[in-house]
Amino acid sequence: MRVRFIDRAIVGLLAGAIAVTLVPAGSVVAAGAATCVVTNTRTGATDGTLAAAVAAAKGGDELTVRGTCRGTTSIGKDLTIRGIRPAGAGAPTLDGKNLREVVGIEKGAKVTLKRLLVTRGVGISFVFATVGGGIVNSGTLVLRGVRVALNNASVGGGIFNGGRLTLGKGTIVTDNHAWVQGGGVANSDGATVIIRSTGRISSNQADERAGGLFNPTGALLDGVRCPGPFVFNANVTGNAAPVDEDCGSEAV
């Protein structure tokens, strides 16, 4: 009952509060870290934070990311954000600094993230829980070649999905932690999680339930393959929790 209550409460809060809660924050580059450079491919303009580049962009623009961009970014317009890794450079990274969620997609926005590491995020804080350590999605989000790793929250350590989420080719949600449920991903009532091609949820942990993916009654799944007696190519696998190691649901 505790698990179900937390999920219902979060859904209600997200419906009216996400656009207010996800306030853009600038990136701070630590000494010695690869400098954050975000370029708008339409205008050629560059910014030193993802939040500033998003604020200046128009719907439909593509932004490229080099280096490590630190802070929290809220996205309320249709954008593609693509990581670029020059020879000898580290992975293009969005880093939450263990302070807030890394990226928030607002309702109505259609966003694609490509070839990025989303890491060190801590979920949005509500009265009873924190949600979505790495990503909080209330819009339509497609991840391609993205690694979501080392994020923490009460519900949805890696991602909390309140919209339509697609884990596409080469995307992995891994090494995230939830203090309650959905170590890798937590779906919400009326939301949809889709896994395509080589997308997977692996090696995450929840302290109570559903180490990989939590999917409540009323949420939808497409292409999600949880381990079972007749499943030989599971894409939610190798996760850990006291109950429902890989996939959990209120209906179970």
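The values are calculated or read from the model by the stated rules, or taken from the named source; none is laboratory data. What you see is a predicted model, and the numbers here were worked out from it, not measured in a lab. We place every Cβ from the backbone using ideal geometry, glycine too, and count neighbours over all the protein chains shown. Keep in mind that these areas ignore ligands, DNA and RNA; they rest on the heavy atoms of the full protein, side chains included. Shrake-Rupley method; radii C 1.70, N 1.55, O 1.52, S 1.80 Å.
I need the full set of residues from segment 166-177 which are hydrophobic (A, V, I, L, M, F, W, C) and either under 12 Å from ASN187 (Cα atoms) or open to solvent by less than 10 Å² (accessible area, probe 1.4 Å) (or both), in order please.
Across segment 166-177, the qualifying residues are LEU167, VAL173.
Look through segment 79-90, keep the residues that are under 16 Å from THR39 (Cα atoms) and not in a strand (DSSP E or B), and return whichever of them is most open to solvent (accessible area, probe 1.4 Å).
It comes out as ARG85.
So which pairs qualify, if the first residue must be in segment 87-111 and free of Cβ contacts under 8 Å to residues at least 60 places away in the same chain and at positive phi, the second must be open to solvent by 10 Å² or more (accessible area, probe 1.4 Å) and among the aliphatic types (A, V, I, L, M), the Cβ gap must be under 6 Å, and the two must be at least 6 apart or on different chains?
Qualifying pairs under 6 Å: ASN98/VAL122.
Could you please give the count of residues in segment 230-246 that are open to solvent by 40 Å² or more (accessible area, probe 1.4 Å) and not in a loop (DSSP other than H, G, I, E, B)?
Qualifying residue count for the region: 4.
Those residues that are open to solvent by less than 10 Å² (accessible area, probe 1.4 Å) and outside any strand (DSSP E or B), I need them from segment 95-122; list them, please.
Matches in segment 95-122: GLY96, GLU101, VAL102, ALA109, LEU116, GLY121.
When you scan segment 34-71, how many residues do you find that are part of a loop (DSSP other than H, G, I, E, B), under 23 Å from ARG100 (Cα atoms) and open to solvent by 40 Å² or more (accessible area, probe 1.4 Å)?
3
Give the residues of segment 184-207 that are open to solvent by 60 Å² or more (accessible area, probe 1.4 Å) and not small (Gly, Ala, Ser), sorted by residue number.
ARG196, THR198, ARG200, GLN205, ASP207
Report, by residue number, each residue of segment 133-165 that is over 19 Å from ASN239 (Cα atoms), buried (at least 21 other Cβ atoms within 10 Å of the Cβ) and in contact with a Lys or Arg (Cβ under 9 Å, 6 or more places away or on another chain).
Residues satisfying the conditions are ASN137, SER138, GLY139, LEU141, LEU143, GLY162, GLY163.
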